[in-house]
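Okay, structure first, notes after.
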Amino acid sequence: MDIELHLNDLPSGLQLGGSIAIDTETMGLRPERDRLCLVQLATSSGECHLVQFPLGSDFKAPNLKRVLTDKKILKIFHFARFDLAALCYYLGVIAGPVYCTKIASKLARTYTDRHGLKDLCREILGLEISKQEQSSDWGAELLTPQQLAYAASDVLHLHKLKAKLDAILKREGRHQLAKECFDFLPHRAHLDILGWSQDDIFHH
């Protein structure tokens with residue numbers, strides 16, 4: 001696993017391929033209160049790029065924004081709803097097109113209620129991943145080697161998970177339904193930002 005840490009933006013001219021796995025680390029679960037600290041990106045070949053936003057960052061990041069909005073690059077997330085909201089709130093862009101392994105799992109693996117990344121990696125890929133650093137201080141000026149390794153591991157396996165989940169979705173006839181859910185995710189994230197995070201507007 002090759003990990004590169006960048007400050008405030010990706011290098012210009014970076015080639016990431018036709019799909020990238022993305023995750024974010026924040027100071028908490030409320031974008032309006034808890035700032036974006038780190039954006040992780042991984043290629044299908046296992047090359048990881050981490051973009052750190054220190055306290056006081058202006059979040060301009062033109063190269064990262066270009067990647068996030070490039071319609072030719074599929075962005076693979078796990079629980080895309082949260083990451084899309086955080087990216088939109090701080091970077092001012094809606095990433096797309098989108099694939100979410102959590103939603104794909106819920107549509108494909110209806111035999112279980114375990115859809116966390118750790119559960120998916122264990123069952124589908126036969127891998128044990130650690131979530132020990134999940135609640136650590138991502139706003140620190142200097143991130144520890146353990147934090148960097150954790151951040152990279154959160155995106156490292158998403159391409160393989162997508163391939164496995166796609167196979168089940170196609171087998172069960174739910175692949176198109178999943179795509180339609182992914183297409184709606186940017187709108188769901190926008191609703192979250194505007195204050196409807198706890199409301200099911202489709203409920204009676």
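Quick look at the values:
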item	result
Selection status of Ile3, of a type in the set (Val, Ile, Thr), closer than 21 Å to Glu141 by Cα and surrounded by 13 or more Cβ atoms within 10 Å (Cβ to Cβ)	yes
The range 56-75, residues that are under 15 Å from the mean Cα position of the chain (by Cα), surrounded by fewer than 21 Cβ atoms within 10 Å (Cβ to Cβ) and among the charged types (D, E, K, R)	Lys65
Every pair of residues 6+ apart whose Cβ atoms lie under 8 Å, when the first sits in the range 31-43 and is free of Cβ contacts under 8 Å to residues at least 40 places away in the same chain and among the acidic types (Asp, Glu) while the second is part of a strand (DSSP E or B) and buried (at least 19 other Cβ atoms within 10 Å of the Cβ)	Asp34/Thr26
Among (1) in a helix (DSSP H, G or I); (2) under 20 Å from the mean Cα position of the chain (by Cα) - the single one Ser130 does not satisfy	(1)
Selection count where residues are surrounded by 12 or more Cβ atoms within 10 Å (Cβ to Cβ) and not polar (S, T, N, Q), scope the range 185-204	9
Number of positions in the range 23-54 that are aliphatic (A, V, I, L, M) and either more than 15 Å from Asp137 (Cβ to Cβ) or modelled with pLDDT under 95 (or both)	6
Residues (aliphatic (A, V, I, L, M) and farther than 24 Å from Gly56 by Cα) located in the range 123-151	Ile124, Leu125, Leu127, Ile129, Ala149
Candidate set: the range 158-204, residues that are modelled with pLDDT of 95 or more and outside any helix (DSSP H, G or I); chosen: the one farthest from Arg109 (Cα to Cα)	Gly173
Meets criteria (surrounded by fewer than 13 Cβ atoms within 10 Å (Cβ to Cβ), modelled with pLDDT under 95 and more than 24 Å from Phe53 (Cβ to Cβ)) for Glu128	yes
Residues satisfying the stated conditions in the range 113-122, i.e. more than 28 Å from Asn8 (Cβ to Cβ) and either in contact (Cβ under 8 Å) with a residue 12 or more places away in the chain or not in a helix (DSSP H, G or I) (or both)	Asp113, Arg114, His115, Gly116, Lys118, Leu120, Cys121
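Each row is one residue, and each column tells you yes or no for (1) surrounded by 14 or more Cβ atoms within 10 Å (Cβ to Cβ); (2) in contact (Cβ under 8 Å) with a residue 24 or more places away in the chain; (3) touching a strand residue (DSSP E or B) at 6+ places or on another chain (Cβ under 9 Å).
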site	(1), (2), (3)
Phe53	yes, yes, yes
Phe77	yes, yes, yes
Leu87	yes, yes, yes
Gly92	no, yes, no
Ala104	yes, yes, no
Ala108	yes, yes, no
Tyr111	no, no, no
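The values are calculated or read from the model by the stated rules, or taken from the named source; none is laboratory data. All values reported here derive from a predicted model rather than from experimental measurement. Cβ: placed from backbone, ideal geometry, glycine included. Neighbour counts: every protein chain shown.
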